[in-house]
Amino acid sequence: MTLTAPAASKTTGSSRTSTRKPVRPLRILLYAFLSLVALGWILPLALAVYASLRPYDETSRLGYFSLPKHLTLGYYGQAWGEADLPKYYLNTLIIVIPGVLITLALASFTAFAISRLRIPGRKVLLIVFTAGNLLPPQVLITPLYTLYTLIPLPSWISDSQSLYDSYLGLILIHVAFQFGFCVFVMSNFMRTIPEEITEAALVDGASVWRRYWQLTLPLCRPVLAALSTLQFTWMYNDFLWALVLMSSGDKLPVTSALNNLRGQFFTDYNLLAAGSVLVALPTLIVFQLLHKQFVAGLTLGSTKG
C-alpha cells in the first residue's frame, strides 16, 4: 500500500502534464499583433501628455524624445484660459446631449418596430438603414450646405435666419447620420430577447407603447449604454460638420477651440498638446465610467443565430 501510492501520484502528475495544451505559434503572433495595434493607439496620446508636461525651450533644444529635466503643469492652466475651454465645452454639450438622446430614442422605437412588430417590408427597411451607413458624409457636403442655407428657422428657436449656423442644424445632422447604425445594433440586440415576454404582455392586453416602454426598453440597458458611449464620442469629436455648417466662432464646439492656441507667426506645440489632452479628457472619462456596459452591450447579441 505504501509503495503503490507514490507511483499513482506520479502517474497522475504525468498525465496532467501531458494533457496541457501546447502554445500555438499563431496565438503568439496574434497577441503580438494586438499588442502592436494597442501600442500604436496609445503612443500618440502618451506622447501628447509627455510633451504637455515639458517646457517648450527644453523641447526645442533636446527634442521630443529626450529625457525630461523639468516637468510642469503650467501649460494646462494656460490652455484652459487662452482657449476659453469652458465656453466651448458648453457649446459641445448643447449639441451632443440632445443629439445622443434624440438618436437613441428614435432608434430604439424604430428597432422595436422592426424586430417585434410584424410590419411589411421590415427586413428591407433594416437593409436600407444599414446601407445608409456606407455612404461617406463628405459627398453630401455641398447639397447639405445649400439646403441648410435655404431652410428658415423661427426666431424663438435660434438667432440664425436658417438652419445654417445654428445648434439645431448640427443636432439634426448628427441624428441623421447616426440613426441607421443605432437601429441596426438595437434591432439585433432586441432579437435576443425572448419573444414570450412580449407575447404574454400582448395576451394581457398591453399596448404597443407599454410593450416598448415597460418591457423591452428596460432590457436594453446594456446596448443603450454601449451606444450612448459611442454616440457621445463620435458627436463630441466631430469637426467636419461644425466647420461646414457653422460660421459664428462663439458657437463652435470644443474641437475647434484648439485654433485659439495657434499664433499667427509662432505655435507652441507643447501648449497645443496640453489643450488636446484637455479636449480629449471628457471622452476618456465617459468611456471609463461606462466601459463595462459598453463591452456587455456589444457582445450580448453576437451569438444570436
Requested in this report: Round to the nearest 0.05 the FRET efficiency obtained for Leu240 and Thr267 when R0 = 25 Å and r is the Cβ-Cβ distance.
Outcome: 0.65
Report summary line: Per the rule of 0.36 nm per residue minus the C-alpha distance, extending Leu281 to Gln214 adds in nm 20.6 nm
Query - Surface/4 estimate of mean projected area, convex hull on alpha-carbon atoms of segment 234-279, nm² - result: 3.7 nm²
Report task. Summarise the long-distance tail of P(r) for the chain by giving the % of C-alpha pairs beyond 28 Å. Result -> 59 percent
Query raised in the report: What is the packing order of peptides 38-44, 214-220, 127-133, 176-182, taking the mean over residues of other C-beta atoms within 10 Å and listing the highest first?
Result: 176-182, 214-220, 127-133, 38-44
Requested in this report: Pull out the extension gain between Tyr50 and Ile197, defined as 0.36 nm times the separation in residues minus the alpha carbon to alpha carbon distance; nm, one decimal.
Outcome: 47.6 nm
Query raised in the report: What is the projected area of the convex hull of the Cα atoms of segment 199-301, averaged over all directions, in nm²?
Result: 10.1 nm²
Query raised in the report: Sequence-distant or interchain residues sharing an amide H contact under 5 Å with Ser162, placed H: which?
Result: Leu153
Report summary line: Cα-based Rg then Dmax for segment 89-147, in Å, read 15.3, 44
Query raised in the report: Which number gives the lysine pairs in the chain that have C-alpha atoms under 28 Å apart and are eight or more places apart or on different chains?
Result: 4
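Each value in this text was obtained by applying a stated rule to the coordinates, not by laboratory testing. Since the structure is predicted, the reported quantities are computational estimates derived from the model, not experimental observations. Every residue, glycine as well, gets a Cβ built from its backbone with ideal geometry; the counts of neighbours run over all protein chains shown.
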